[in-house]
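**Student:** The structure is given below, and queries will be raised subsequently.
Coordinate-derived values only; no laboratory data. What you see is a predicted model; the values in this text were computed from it and never measured. Note: ideal-geometry Cβ built from the backbone for every residue, glycine included; neighbour counts use all protein chains shown.
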Amino acid sequence: MKNTALSTLGFLMNYLDIQTVSMSQAIHVDASLVSKWKTGKRMFSGKSVYFDAVVEYILSQSQKSNHQLLKNALLQLYPHETVQETVDVESLLRQALTNTASHEASRQHQLLSDSTDAVSALIFEGNEGRRQAITKLIDYAEDMTVPGEIIFLDSEEYIWLLEDEAFSDQFTERIFSLLRRGFHAKFVLDYSSYRDRFMQLFSACSPLIFHRNVEWYYYEYYDEHIMNFSFFILNHAVSLLGLSVGGEDPSTMVFTDTSLVIRHEVLADRMIRQCSCAFTTFHPSEFEGVVNDIYQFRRKGAFYTYLPAPAFMSSRESLMREILTDNGISEAEIQQQLMVNNRFREVTSCHFLEGETQREPFVFIFQLEEMLRRIKKDIFISRSLTILNGKEIRITKRQYAQEIRDFVQDLMQYDNMQIVFVSEKDNIRLPSVNCWCKRNLWMVQMDQEGFRLSDEIGIVNSAAIALESCVKKVPPERKEKNSVRQFMLELADEMESDVNG
C-alpha cells in the first residue's frame, strides 16, 4: 500500500472526504493552490488570508456528521485531548491547521481507497444522536415525491424514543403525516420478559396503532442481549444501523449508498420473517373467520368501539334482514350473514348477558359531524355491509332512524353501556379505521381493504387506553346518558319527519 505524505489540512480533507475542487470553489481560489496546500508543496498556516475561510468551510462540512468525523480526525492528531462542544472542535481545528508537520494518509482513507465497495457513513453517538439520525431519515422521507416504506427494527426497546416525550410526540405526528400521504411503516419490537416499556411505546404512539398502513411485528426473548443492533430503513434510500453493548452508549451510522441500503433491506426482511405479526389480516369476505376467532374469547373485559356512525353489520336481526332484502341480497346470503351477525353481536354486545354481578363497561364512540352529515342524506352507503357483500348496500333515512332508536333503547336499559359523541372541535386524533377493542383480549380493525385482528395484549390494551383517554376529553353533554338519549331521539325524529313529509 503506497503511503502519501500530506499536510495537516490534507489529512483532515481526506478524513472528511472533502474534495479539492469543492474547497477551491467554496473559498474562491484555484484548485491547484488547494492541491499544493494538501500535499504540503505550498505552506498553509494561520497567517494565510484564506485561513478563516478554510476553517469555516471545514466546520460546515463537518456539521453533516454532527462533527463526529472531525472529532475522530483531531483525536488522531491529538490523542490526549478531549473534544466535546463545537467550540472545542473549532479551537482544536485552528490549532491543528497551524501545525506544519506532515502526515501519512490515514489508514482508514487508504483502506477505503483500495476497496471497490467502500461507502461513507455519518456517525451519531448516544440516544440524542439516534434521535438526530431518525430526524434526518424522516426529513428525507418528507422530501420524497413518491410515498415509500419505512422500517423501524429496534432491539433496544425504543429507549431513544421514550425518554424524550416532546420528541415522541413530534415523531408520532410526522410519521402519521407520512402515512396520510400513502407511506407504509413496519415496526419490529424486541420483547423482553418485561413488557412495561412496550406499553409505554404503544401509549406514546397510540395513533399509529389505528392506522392500516402500519404493520407491527414482535420477537420474544428472555435473555438479555450482549450486543444490540437495530435497523431503520427508508426504502432504497437511507439506512440507519444502530449498535450498542448492553444497551449503553449506542452509536448510529447513516448510510445512503443504494447497494448497501438494499442489502440492509434484505437482511431486515429476513429478520422480520422470523418475527410474529401482531395483526392477522382478513379479506372482506373472511369476516366470519374474524368473528369465529374472537368468539372463543367471550370473557370479561372493558369494551370500546370507535365508529364514525353505527355499523349496520351489527344491527338487530330484523333490521339487517330488511336492509339486505331491500338491496337485492339472496335469501341464502342473508341467512349466512345473519348467522355471522348473531355471533358478532354476542361478542360485541355482552351488556345483554344476564347473571353478571358486576358488568364491564361497554363504550360506543361515534363521530358527531359524521352522524349529522348522514341525516341530511335521503340514502347513504353502509361501509360495513358494503365490505361484507362486495357491493354497495344502501341505507334509507327510516332505517338509519330505527338503528339510532335501537341504540337508545339499549343505552337506557343497561347501566354499563355508554355512548359518546366525539367532535372535530375536541382536537382529538381519531382512529383512521373502525375499531372494536376488548381490553386484555383482542382488537378488530376494519377499513375498505378488510379486517385485521390482534390478540397481542400490549397493543390491545394500549388501544383501549387511547380510546378511554379519548372519552375523558369529551365534555359531559356529549356523553351523559340523558343528554345523549335526548340528542339521538331528536336525530331519529328529524329523519322520520323528513320521510313522512
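**Student:** Could you give me the percent of Cα pairs per 10 Å distance bin for region 131-219, shortest bin first, beginning at zero and ending with the bin that holds the maximum distance?
**Tutor:** P(r) for region 131-219, in whole percents per bin: 16, 54, 27, 3, 0.
**Student:** Give me a comma-separated list of calculated 3J(HN,Hα) values for region 199-209, in order, Karplus coefficients 6.51, -1.76, 1.60 applied at θ = phi - 60°, integers in Hz, x for any Gly or Pro.
**Tutor:** 5, 5, 4, 5, 5, 5, 10, 4, x, 6, 5
**Student:** Using modelled backbone amide H atoms (1.01 Å from N, in-plane), which distant-in-sequence or interchain residues come within less than 5 Å of His184's amide H?
**Tutor:** It is Gly148, Glu149, Ile150, by chain and number.
**Student:** Ignoring everything except DSSP H segments at least 4 long, calculate the 222 nm mean residue ellipticity for the chain; use -39,500 (n - 2.57) per segment, divide by total residues, nearest 500.
**Tutor:** Mean residue ellipticity at 222 nm (helix-derived): -14500 deg cm²/dmol.
**Student:** Find the relative contact order for region 282-500 and round it to a whole percent, using C-alpha pairs within less than 8 Å whose residues are 6+ positions apart.
**Tutor:** 28 percent
**Student:** Another question about this same structure. Efficiency by 1/(1 + (r/R0)^6): what FRET value for Met199 and Tyr140, r their Cβ-Cβ distance, R0 = 41 Å, to the nearest 0.05?
**Tutor:** 0.85
**Student:** Compute the long axis of helix 481-500 from its Cα atoms, compare it with the longest principal axis of the Cα atoms of the chain, and write down the angle in degrees, 0 to 90, nearest 10.
**Tutor:** The helix 481-500 is inclined about 70 degrees to the chain.
**Student:** Tell me, what is the FRET efficiency for Asn327 and Met271 to the nearest 0.05, using R0 = 56 angstrom and their Cβ-Cβ distance as r?
**Tutor:** That gives a FRET efficiency of 0.75.
**Student:** Moving on. Would you kindly state how much longer the chain becomes between Phe380 and Leu59 on full extension, computed as 0.36 nm times their sequence separation minus their alpha carbon distance, in nm to one decimal?
**Tutor:** Contour length minus the Cα-Cα distance gives 109.3 nm.
**Student:** Using a/c under 1.5 as the rounded threshold, could you call region 376-501 rounded, prolate or oblate? The axes a ≥ b ≥ c are square roots of the C-alpha gyration tensor eigenvalues, and prolate needs a/b larger than b/c, oblate otherwise.
**Tutor:** It comes out oblate by the Cα gyration axes.
**Student:** Right, another one. Measuring from centroid to centroid over Cα atoms, what is the spacing of region 449-501 and region 1-63 in Å?
**Tutor:** Region 449-501 and region 1-63 have Cα centres spaced 66 Å from each other.
**Student:** To continue, here is another question. I want the antiparallel fraction of DSSP beta bridges within the chain, as a percent rounded to 5.
**Tutor:** Roughly 65 percent of the beta bridges in the chain run antiparallel, per DSSP.
**Student:** Determine the gain in length on full extension of the stretch Gln76-Glu360; use 0.36 nm per residue of separation and subtract their C-alpha separation, reporting nm with one decimal.
**Tutor:** 95.6 nm
**Student:** Further question: Looking at region 282-500, send over the antiparallel percent of its DSSP beta bridges, to the nearest 5.
**Tutor:** Percent antiparallel among DSSP bridges in region 282-500 is about 60.
**Student:** Which percentage, to the nearest 5, of the DSSP beta bridges contained in region 122-278 is antiparallel?
**Tutor:** Taking every DSSP beta bridge with both residues in region 122-278, the antiparallel ones total about 65 percent.
**Student:** Let me ask something else. Please compute the length gained on full extension between Asp257 and Ala237, using 0.36 nm multiplied by the number of residues separating them and subtracting their Cα-Cα distance.
**Tutor:** 6.4 nm
**Student:** Under a crude label model (7 Å from the Cα following the beta-carbon direction), how far is Ala5 from Val499 in nanometres?
**Tutor:** Using points 7 Å along Cα→Cβ, the separation is 9.8 nm.
**Student:** Give me the one-decimal nm value for the distance between modelled label points at Asp164 and Val245, 7 Å along each residue's Cα-to-Cβ direction.
**Tutor:** Placing both labels 7 Å along Cα→Cβ, they lie 2.5 nm apart.
**Student:** Distance between Cα centroids, region 128-189 to region 363-379: provide it in whole Å.
**Tutor:** Answer, in whole Å: 34.
**Student:** Expressed as a fraction of 2.2 N^0.38 Å, the rule-of-thumb size for a compact globular protein of N residues, what is the C-alpha radius of gyration of region 282-500?
**Tutor:** Against the compact-globule rule of thumb, the ratio is 0.98.
**Student:** Another question, if that's okay. Suppose a student asked you for the relative contact order of the chain, using Cα pairs under 8 Å spaced at least 6 residues apart; what percent would you report?
**Tutor:** Reported as a whole number, the value is 13 percent.
**Student:** How tilted is helix 165-180 with respect to the longest principal axis of the chain? Cα atoms for both, answer in degrees (0 to 90, nearest 10).
**Tutor:** So the inclination is approximately 70 degrees.
**Student:** Moving on to the next point. So which of Lys186/Lys425; Lys397/Lys472; Lys136/Lys186; Lys425/Lys472; Lys376/Lys397 end up more than 20 Å apart, counting from Cα to Cα?
**Tutor:** Check vs 20 Å cut-off fails for Lys186/Lys425; Lys397/Lys472.
**Student:** Between Glu288 and Arg180, what is the label-point separation in nm under the 7 Å Cα-to-beta-carbon projection?
**Tutor:** Reported label-point gap for Arg180 and Glu288 is 4.0 nm.
**Student:** Report, by chain and number, residues whose modeled amide H sits under 5 Å from the one on Asn434, excluding near sequence neighbours (fewer than 5 apart, same chain).
**Tutor:** Those lying under 5 Å, H to H, from Asn434 are Met446.
**Student:** Quick one: angle between helix 331-348 and the longest Cα principal axis of the chain, in degrees between 0 and 90, rounded to 10, please.
**Tutor:** That helix lies at roughly 70 degrees to the long axis.
**Student:** Additional query: Hey, could you pull the Cα Rg and Dmax for the chain, both in Å?
**Tutor:** Looking at the chain, its Cα Rg and Dmax stand at 30.7, 98 Å.
**Student:** Relative contact order for region 358-461 using alpha-carbon pairs under 8 Å, separation at least 6, rounded to a whole percent?
**Tutor:** 26 percent.
**Student:** Kindly identify region 122-278 as rounded, prolate or oblate by the Cα gyration tensor criterion: order the square roots of the eigenvalues as a ≥ b ≥ c, call it rounded if a/c is under 1.5, otherwise compare a/b with b/c, prolate if a/b is larger, else oblate.
**Tutor:** Rounded, because the longest to shortest axis ratio a/c is under 1.5.
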